[in-house]
Amino acid sequence: MGPQGNPETAGIRNVGRTVVFARPAEAELASRADWPDEALMLAIASRDELAFAVLYDRYVDLVYSASFRILADAGLAEDTSQDVFVRLWRRPEAFIADRGRFLSWLMSVTRNRAVDELRARGRRRRREGGPLGEPDEAAEPLFATHPPDPQSTAELHEEQLAVRTALRDLPGEQKTALELAYFGGFTQQEIAARLHEPLGTVKTRIRLGMQKLRKSLEVRG
Amino acid sequence: MTGEHITQEQADEFAIGSLEPASEHAVTVHLAECPACRDIVRDSERLAARFAMSSPLRRPPSHLKDRVLAAAGIRRPGPLRRVAGYARTAAGIAAVFVAVAAFTGMVWMRGEMSGLRDDDERLQRKIDEALSQEVEIAALTRKLDDQEKEAARLADAATGDQDLIVALLSNNTRIADVVPAAEDSTSIGRLVWDGDQKRVWFVASDLPQRPAGETYQLWVNSGGKYYSLGTFAADPDGFARHQTIVPEGITSYDTAVVTIERAGGSPIRQGPTVFLVYDLSRLKD
């Protein structure tokens, strides 16, 4: 520990002493589709190309959909999705296994990449399906999924349902403020200017919205 | 902010991305030094990340997988000549970049050498004219020595530039943003970690020169321990470039800092922090 306090150490390279994943047995190597995300990431760290392909199939729709929602441009969403997955392949150690779920990390990386792209291009997106904050429920699913692992897909669907339900329970102005920040890449002052509301009002909406969302998702597990 | 811990409200605002740049900077600097607040922010970021899952699902085009696999170098796309075209274009751009850099370096070096030759000729004429004036001869000889040293320094710098270009083109190189600890600082910097060449570069601009008795010192934290990567100084224009070898046994780092230490460097990190590298604490690649 340095005199000013050292950041904690963690990472896949330290996984042996921080987190222990059950490595799938030899007999299961042929069916990586059953592996949990963290096991796939361990395999990817060992340059397992099949594991990468399984992880791609599992989450490309989510990554692409989130990128599209932020960028409102199919080409840019493709570029962002490619960037996210290629970096995942090249630097799997960036995912710190004992700091949270893989899916949360992946979504966070995707959002940051897409918002960086949005800001870099200096343009504001055209919102998918109209004004902010209302994901088009009727549009989902836009396709019939053919996932490799029904169990993980069911869990994913449950998670999406929980998040959407939690968002639906939020007052509209709180949801709008949260989505303008998260999907629009706007700061509080920019949101206040866009909504013609005082800055304090926007801060309150974001604070209350996050509180309610946290409570709601905790209740739903 | 540096001395105060982050509130849940600030953590939520940071995670949702709604903080103004100055506030975000202050939070980032604090997080680099405060594990407790990092835990709070990570919890908020996990919550914020679930927003992304509320988006209506869209299926990406089928060719995206081939693009991704090709870009990752996992397999060559068969029918997707477009991707191959992109790769060739990228390779071409890289080649052009290297060629332009090399040509620019050659032109620059040629100019420098030509200038040095001109200086030498002028110097020689002056020496011939001042043979009887030993004091002047000594002064001019010293000037020639200085120019030769400068030429050697420029040659070393050119070699260092080539190494840096190689590092920047490597897939195994991490380039990290460097955050100044002082909010009003205009200094900017980058930490380049080249796993292939086992070398590290720290470059910065707008960096104030330290008074006599003080120096900048670069540290990396690996496995919970800080390792010194040497000392360096800024030039009169505020530019600093420090190149060193990755210490034996270290393959990566978690964080890095630049501190002000006494001249000659300190065996342990103890001086005030000038820069922080922050790329693992936040859930951001």
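Just to confirm a number: summing +1 for Lys and Arg and -1 for Asp and Glu over residues other than B:E112 whose beta-carbon lies under 14 angstrom from that of B:E112, what do you get? Net local charge, B:E112 excluded: -3.
Global dimensions of the stretch B:8-51 from alpha-carbon coordinates: Rg and Dmax equal 9.7, 28 Å. For the stretch B:206-214, the Karplus equation 6.51 cos²θ - 1.76 cosθ + 1.60, evaluated at θ = phi - 60°, returns couplings of 6, 9, x, 6, 7, x, 4, x, 10 Hz by residue, with Gly and Pro reported as x.
For B:A139 and B:N171, what is the calculated FRET efficiency with R₀ set at 45 Å and r taken between the beta-carbons, to the nearest 0.05? Given R0 = 45 Å and the Cβ-Cβ separation, E is 0.30. The ranking of B:V192, B:V220, B:V277 by Cβ neighbour count inside 10 Å, starting from the fewest, reads B:V192, B:V220, B:V277. Convex hull volume of the C-alpha atoms in the stretch B:134-187, normalised per residue: 122 Å³. 3J(HN,Hα) couplings calculated from phi for the stretch A:78-93 with the Karplus curve 6.51 cos²θ - 1.76 cosθ + 1.60 (θ = phi - 60°) are, in sequence order, 4, 4, 5, 4, 4, 4, 4, 6, 5, 5, 4, 5, 7, 10, x, 5 Hz; Gly and Pro show x. Pairs from the table (B:K143/B:K198; A:K215/B:K225; B:K149/B:K198) lying more than 30 angstrom apart at Cα are B:K143/B:K198; A:K215/B:K225. Label 7 Å along Cα→Cβ of B:E24; the stretch A:177-221 residues with amide nitrogen under 16 Å? Within reach of a label on B:E24: A:178-192.
The distance between label points at B:S252 and B:K225 comes to 1.9 nm (points 7 Å beyond Cα on the Cα→Cβ vector). Evaluating 6.51 cos²θ - 1.76 cosθ + 1.60 at θ = phi - 60° for every residue in the stretch B:162-178, the Karplus couplings come out as 4, 4, 5, 4, 4, 5, 5, 8, 7, 6, 9, 10, 9, 10, 10, 5, 10 Hz, glycine and proline recorded as x. Here each label is just a point 7 Å from Cα along the line to Cβ, and for A:T201 and B:I245 those points are 6.4 nm apart. The modelled label-to-label distance for the pair A:R47/B:E9, using points 7 Å beyond Cα in the direction of Cβ, is 5.2 nm. Extension gain, B:L154 to B:R59: 0.36 nm times the residue separation minus the Cα-Cα distance gives 28.8 nm.
The calculated FRET efficiency for A:E158 paired with B:D118, based on their beta-carbon distance and R0 = 51 Å, is about 0.10.
Every read-out reported here was derived from the displayed coordinates using simple, explicitly stated rules and does not represent laboratory data. Just so we're clear, the structure is a prediction, and the values are computed from it rather than from any experiment. Heads up, the Cβs are rebuilt from the backbone with ideal geometry, glycines too, and the neighbour counts pull from every protein chain shown.
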